[in-house]
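Here's the structure we're looking at; comments come further down.
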Amino acid sequence: MDDRLLPPEFGDRYSSETSRIPRLGNTTPTRTSLPVSQAPKVPIIPEVTGAAESPERKPVDDLDNDGAVYPWYNPRGWTLRKKILVGLGFVIFIIVVILGPYYGVKLNRYPDYTPLEYRLVDTYEGSSFFDKFDYFSDEDPTDGFVVYVNQEAAHDLNLTYATDTSAILRVDTFTPKAVAGRNSVRIESKQGYDHGLFIFDIIHTPFGCGTWPALWLTDGYNWPNNGEIDILETTNEGSHGNEVTLHTTKGCNMDVKRKQTGSAVYTTCDNATHSNSGCGVLGDESTYGEAMNKNGGGVYALELREAGIRAWFFPRHSIPKEITDPTAIPDPSTWGQALADFPSTECDIGSHFKNQSIIANIDLCGQLAAQPQYYEQMYKCPGKCEDLVANHPSAFEDAYWEFASFKVFQAI
């Protein structure tokens, strides 16, 4: 702000034609004139007939130390309080002008999902579906009341079997007293993937009290360092929709701009936060369980690439033709907004997700399904989870996966 002087017309106020001081000229006295030396020494006081206050007159507070009067816009006439307030306002203005655009750009950052040209690299389907999987038969790492059986036992107990049109993976429904946990299956693909477009054609999803089914990607021998992607996961009746979730080590955050139809659950993917809940996106009721099954199932598609991770769900009646046509190559850029979007804005996808195997399993009770907020409060399941699993085999009639096929494409 400039430091201006008083306008000239007010600087000469006592020398112009408008001065209120009478001019002393040669006038004829009404009495006998006295010599100048004998004139009375009385000062002549100018007569002021109206308000003589200047437009610039201000309160005493606006005077500086030498008593000068300054216009309102001159800082030399400001009080200390006024100077402080103006200074703060100036600082705030600078912050808004400089940092505003920066944070505006930051909040609107979004990766470039440029269309990729894909080629088919792996197919899991038909009577040989299970040939490309290993059967996990160790103790459940998530404390489930379950016994994961090996391939031979799964075949003998008819817990896994495949035809030309589909593959079944199910929970034991005939053992009356499963005192050590009920038999079930967990399969893991022999092949691992760092990136790709995965197409999962699903006819039936498992549901029922006590169940904790999942279709997911991870490196089980290097978890959580190599990350985890839960494509389908829910518990018990599963009627509240499917949750697509990422689990990572520190440094993967989804509190950024996203383009998705689902609802974000948490935005920090670090497994050390929120009791390893990860960063999830919840779909509506049609995306899992009985509602999905009644509609003939559908297709889940997952794209894993440097720009980010996206998942789509297509009900049976609205699967894109390029997915149903065995000769076509899928193009995610034509599918519209994803159900779940995990952009790479604040998550280095390549460093957090490596050597991902395809895993399908049906856990029972465990760290998630048996929790009171799910088992009792959300789904109103009866009694205790382990008691139901051990003594009620008929409760698991709907606890099975039925897959038409899995296909994996990778960018050329």
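The figures follow:
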quantity: Residues satisfying the stated conditions in region 269-284, i.e. open to solvent by 40 Å² or more (accessible area, probe 1.4 Å) and either touching a helix residue (DSSP H, G or I) at 6+ places or on another chain (Cβ under 7 Å) or under 21 Å from PRO315 (Cα atoms) (or both); calculated: LEU282, ASP284
quantity: Pair list, Cβ under 6 Å, 6 or more apart: region 240-268 residue aromatic (Phe, Trp, Tyr), other residue assigned to a strand (DSSP E or B) and open to solvent by less than 30 Å² (accessible area, probe 1.4 Å); calculated: TYR266/CYS279
quantity: Scan of region 391-406 for residues that are within 16 Å of ILE362 (Cα to Cα), open to solvent by 50 Å² or more (accessible area, probe 1.4 Å) and in a loop (DSSP other than H, G, I, E, B), ordered by number; calculated: GLU397, ASP398
quantity: Hits in region 142-194 - residues which are within 15 Å of HIS392 (Cα to Cα) and of a type in the set (Val, Ile, Thr); calculated: VAL146, VAL171, THR173, THR175, VAL179
quantity: Residue within region 178-185 that is open to solvent by 20 Å² or more (accessible area, probe 1.4 Å) and of a type in the set (Lys, Arg) present; calculated: no
quantity: Residues within region 333-365 that are without any contact (Cβ under 8 Å) to a residue 60 or more places away in the chain and touching an Asp or Glu at 6+ places or on another chain (Cβ under 7 Å), tallied; calculated: 1
quantity: Filter result (touching a Pro at 6+ places or on another chain (Cβ under 8 Å) and crowded, with 23+ Cβ neighbours inside 10 Å) within region 313-324; calculated: none
quantity: Given (1) closer than 24 Å to ASN295 by Cα; (2) part of a helix (DSSP H, G or I); (3) of a type outside the set (Gly, Ala, Ser), index of the condition TYR375 fails; calculated: (1)
quantity: Which numbered condition CYS381 misses (of (1) touching a strand residue (DSSP E or B) at 6+ places or on another chain (Cβ under 8 Å); (2) assigned to a loop (DSSP other than H, G, I, E, B); (3) surrounded by 18 or more Cβ atoms within 10 Å (Cβ to Cβ)); calculated: (1)
quantity: Helices (runs of 4 or more DSSP H) contained entirely in region 288-352, each with at least 1 residues that are farther than 21 Å from TRP401 by Cβ; calculated: 321-324, 349-352
quantity: Given (1) modelled with pLDDT of 95 or more; (2) more than 26 Å from the chain's Cα centre (by Cα), index of the condition PRO326 fails; calculated: (1)
quantity: Selection count where residues are touching a helix residue (DSSP H, G or I) at 6+ places or on another chain (Cβ under 8 Å), without any contact (Cβ under 8 Å) to a residue 60 or more places away in the chain and surrounded by 15 or more Cβ atoms within 10 Å (Cβ to Cβ), scope region 285-312; calculated: 3
quantity: Residue tally, condition of a type in the set (Asp, Glu), under 21 Å from GLN260 (Cβ atoms) and open to solvent by 10 Å² or more (accessible area, probe 1.4 Å), over region 325-342; calculated: 1
quantity: Condition met for THR234 (free of Cβ contacts under 8 Å to residues at least 60 places away in the same chain, within 15 Å of the chain's Cα centre (by Cα) and open to solvent by less than 50 Å² (accessible area, probe 1.4 Å)); calculated: no
quantity: Filtered residues of region 371-387 (kept if under 28 Å from the mean Cα position of the chain (by Cα) and among the hydrophobic types (A, V, I, L, M, F, W, C)); calculated: MET378
quantity: Only listed residue being of a type outside the set (Ser, Thr, Tyr) and surrounded by fewer than 23 Cβ atoms within 10 Å (Cβ to Cβ), chosen from ASN355, ASN361; calculated: ASN355
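The values are calculated or read from the model by the stated rules, or taken from the named source; none is laboratory data. Note that the structure is a prediction, hence the values are computed from the model and not measured. Cβ coordinates were reconstructed from backbone atoms using ideal geometry, including for glycine residues, and neighbour counts include every protein chain displayed. Only protein heavy atoms, including side chains, enter the accessible area calculation; ligands, DNA and RNA are left aside. Shrake-Rupley method; radii C 1.70, N 1.55, O 1.52, S 1.80 Å.
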